[in-house]
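The values are calculated or read from the model by the stated rules, or taken from the named source; none is laboratory data. As the structure is a prediction and not an experimental result, all values here were calculated from the model. Cβ placement follows ideal geometry from the backbone for every residue including glycine, while neighbour counts extend to all protein chains displayed.
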Amino acid sequence: MSSEARHRYSRCRSVVFCAIPSSLAFRSNLGNQNERFRKAFSVVEDAIRARAFPGASVAVLYRDELVAECGFGHFIYDDATSSDVMADTVFDLASVSKVVATTTMAAILYERGSLDLDATVPGRADLTIRSLLTHTSGFPAYIKLFEQTGDCRELLRLAYATPLEAAPGSRTEYSDIGFIILGDILENVAGEPLNRFCQREIFEPLGMDHTFFCPPPEKRHLIAPTRDDHYFRHKLIQGEVNDENAWVMNGVAGHAGVFSTAYDVAVFADCWLSGGAPILKRETVAEFTRPQPDTTRALGWDRPTPPSSSGQYFSPSSFGHLGYTGTSLWCDAEKQLAVVLLTNRTWPDAKNQAIKQIRPAFHDAIFEAL
């Protein structure tokens, strides 16, 4: 093995350092991961060489075993002082926050009888909470609300006032606006901020020790930067949320804001694959991951419909989500498989779109290895 390869694989952990509850503790079986997943790892390494992203971290959970966990590349390009991406490097999850935080919070409140999925949205009698979760509300995909205001409450007001582009239920249009509103509704139902609820009810019970909104300054050096922003904040974005609307909302929003590691996201995936314990009941997991009327999506979750970022092998019982910064999580309930791919493909300017081809190739290679 070359010195470069030895250095690269030194970033792959052979032991699990995060303490998680015994009810969730899957086994670690990383012994032959470099050989077993050679093709999949090569997809990531080739992407780094092609400058699709400077760094990546992956984790694969299969039949209650962690069978792959590795870091690749560096925090940024062309800088001899740039940190290596390790297996435990923290990434901005971007829209994967929609499932790791917002959707799971909605599921917990629904299970407790506090959230009626078919209740109307405050001030919008034409919309239901279910339509926000399934992206069938008719809201546009994205609006640069941050260009209109720098105030969190005003940004929320603008989101609620956004005109629909289609009749509710008539089409599926993935919408950040809908999830900004959903996050606000959930905060009002719970009577506390999204980040506080998620920390206590999701991250802590699952032992997701490296998952949080608004990373503290002392964690900054552990976090892969997302952008060299010459447009809005005029600085290097590292350790604060990449999404500008979420940034105006002080880093805590329904559509973005969670930072995490590949391992922690795998722990989260294991919870959903294993029936939801200790935070959800099996029936709630089934309700939130099944296809919903008038859409191919589930409640908060996406499902694989060709052509899918999950590739060609994930079964119809699968569910997952993508993030703008180059992150993704796909879970296959039938095969008891979860694949986490975290990258900072937005570095330096978010122009590179090669992640669209890399994701399915990576997922296919993982399946072929298994």
All conditions in (1) within 20 Å of the chain's Cα centre (by Cα); (2) of a type in the set (G, A, S); (3) not in a loop (DSSP other than H, G, I, E, B) are true of A141 except (3)
Within the stretch 306-349, can you find the residues that are surrounded by fewer than 21 Cβ atoms within 10 Å (Cβ to Cβ), in contact with a Phe, Trp or Tyr (Cβ under 8 Å, 6 or more places away or on another chain) and closer than 22 Å to F91 by Cβ? S308, P348
Residue among F212, F179, F146 that is touching a helix residue (DSSP H, G or I) at 6+ places or on another chain (Cβ under 9 Å) and more than 24 Å from S260 (Cα to Cα): F146
Taking only the stretch 251-278 into account, find how many residues are touching a Leu at 6+ places or on another chain (Cβ under 7 Å) and either among the charged types (D, E, K, R) or under 25 Å from G178 (Cα atoms) (or both). 9
Any hit, the stretch 231-242, residues being assigned to a loop (DSSP other than H, G, I, E, B), under 28 Å from E69 (Cα atoms), of a type in the set (A, V, I, L, M, F, W, C) and touching a strand residue (DSSP E or B) at 6+ places or on another chain (Cβ under 7 Å): yes
Which residue pairs have Cβ atoms closer than 6 Å, lie 6 or more positions apart in sequence or on different chains, and pair a first residue in the stretch 64-86 that is over 30 Å from F26 (Cβ atoms) with a second residue that is assigned to a strand (DSSP E or B) and modelled with pLDDT of 95 or more? S82/H74
Among (1) in a loop (DSSP other than H, G, I, E, B); (2) within 24 Å of F259 (Cα to Cα), where does P306 come up short? (2)
Determine which member of the set A167, A125 is modelled with pLDDT under 95 and either surrounded by fewer than 14 Cβ atoms within 10 Å (Cβ to Cβ) or of a type outside the set (D, E, K, R) (or both). A125
Look at D126 and say whether it is in a strand (DSSP E or B) and not aromatic (F, W, Y). yes
Could you check, for the stretch 292-304, whether at least one of its residues is farther than 24 Å from D176 by Cβ, touching a Pro at 6+ places or on another chain (Cβ under 9 Å) and assigned by TED's automatic domain parsing to the domain that holds T226? no
Residues within the stretch 112-171 that are more than 22 Å from M249 (Cβ to Cβ), touching a residue at least 40 places away in the same chain (Cβ under 8 Å) and among the β-branched types (V, I, T), tallied: 3
Is it the case that the stretch 242-250 has a residue that's at pLDDT 95 or above and either under 19 Å from S57 (Cα atoms) or not assigned by TED's automatic domain parsing to the domain that holds V85 (or both)? yes
What's the number of the condition L132 fails, among (1) in a loop (DSSP other than H, G, I, E, B); (2) over 17 Å from the mean Cα position of the chain (by Cα); (3) surrounded by 14 or more Cβ atoms within 10 Å (Cβ to Cβ)? (1)
Would you confirm whether any residue within the stretch 278-286 is crowded, with 17+ Cβ neighbours inside 10 Å and acidic (D, E)? no
Across the stretch 259-286, what is the number of residues that are of a type outside the set (D, E, K, R), outside any helix (DSSP H, G or I) and over 21 Å from P316 (Cα atoms)? 7
Being crowded, with 19+ Cβ neighbours inside 10 Å, in contact with a helix residue (DSSP H, G or I) (Cβ under 8 Å, 6 or more places away or on another chain), over 27 Å from W272 (Cα atoms) and in the same structural domain as A87 (by TED's automatic domain parsing), is that true of even one residue in the stretch 226-239? yes
Would you mind finding the one in A106, A94 that is crowded, with 16+ Cβ neighbours inside 10 Å, touching a Gly at 6+ places or on another chain (Cβ under 8 Å) and on the phi > 0 side of the Ramachandran plot? A94
Provide a single number: the residues in the stretch 172-202 that are assigned to a helix (DSSP H, G or I) and either of a type in the set (S, T, N, Q) or in contact (Cβ under 8 Å) with a residue 12 or more places away in the chain (or both). 21
